[in-house]
Amino acid sequence: MEKLRKMTGIIDIVVYIATTCAVAGVFYEGMTLKWYDFVGILVVCMDYSFMPATLIHLIADRKEKTIWMHIFSLLIIIIAVVMKVNSIEYPAITLVLWYFYIWFFYGYLIIKRRFIKR
């Protein structure tokens, strides 16, 4: 279990970097008013690093206070998958909120691990 907990530190950094790149890419698209293929790849990297990270955190952090945020993340993932399977379109604001939720939450996890003593 301790090995899994150490892995979460690396996974958090990977998710945070992927999310930072995706957010920067989306803002760059908005500033230039053009569609770039690499931004889609950045978003996919963000999503596919966030999903397994959530599952790993549910196992490793089950006795921590942040478990409720990981359960919330899992619930959001399930809702997004159900909407995608049923071809329900997302409002644009939900994508922005999704990006920033992941970005702030994993930034918090990194800061908590590095600077907040238990």
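The values are calculated or read from the model by the stated rules, or taken from the named source; none is laboratory data. Computed from a predicted structure; not experimentally measured. In this analysis, Cβ positions are derived from the backbone assuming ideal geometry, glycine residues included, and neighbour counts consider all displayed protein chains. We work out accessible area using only protein heavy atoms, side chains counted, and drop any ligands, DNA or RNA first. Shrake-Rupley method; radii C 1.70, N 1.55, O 1.52, S 1.80 Å.
The number of residues in region 25-37 that are without any contact (Cβ under 8 Å) to a residue 12 or more places away in the chain and among the β-branched types (Val, Ile, Thr) comes to 1. Is it true that some residue in region 6-13 is modelled with pLDDT of 95 or more, of a type in the set (D, E, K, R) and surrounded by 17 or more Cβ atoms within 10 Å (Cβ to Cβ)? There is at least one residue in region 6-13 that is modelled with pLDDT of 95 or more, of a type in the set (D, E, K, R) and surrounded by 17 or more Cβ atoms within 10 Å (Cβ to Cβ). Of everything in region 67-118 that is in contact with a helix residue (DSSP H, G or I) (Cβ under 7 Å, 6 or more places away or on another chain) and over 22 Å from Lys6 (Cα atoms), the residue that is modelled with the lowest pLDDT is Tyr90.
Quick one: which of Ala18, Ala53, Ala22 is in contact (Cβ under 8 Å) with a residue 60 or more places away in the chain, among the aliphatic types (A, V, I, L, M), in contact with a helix residue (DSSP H, G or I) (Cβ under 6 Å, 6 or more places away or on another chain) and closer than 30 Å to Ile116 by Cα?
Answer to the selection: Ala22.
Residues in region 55-111 that are part of a helix (DSSP H, G or I) and of a type in the set (S, T, N, Q) were compared, and the one that is most open to solvent (accessible area, probe 1.4 Å) is Thr94. Within region 28-42, the set of residues being farther than 17 Å from Ala18 by Cβ and in contact with an Asp or Glu (Cβ under 7 Å, 6 or more places away or on another chain) comprises Trp35 only.
From the list Gly40, Gly9, the one residue that fits, being part of a helix (DSSP H, G or I) and in contact (Cβ under 8 Å) with a residue 60 or more places away in the chain, is Gly9.
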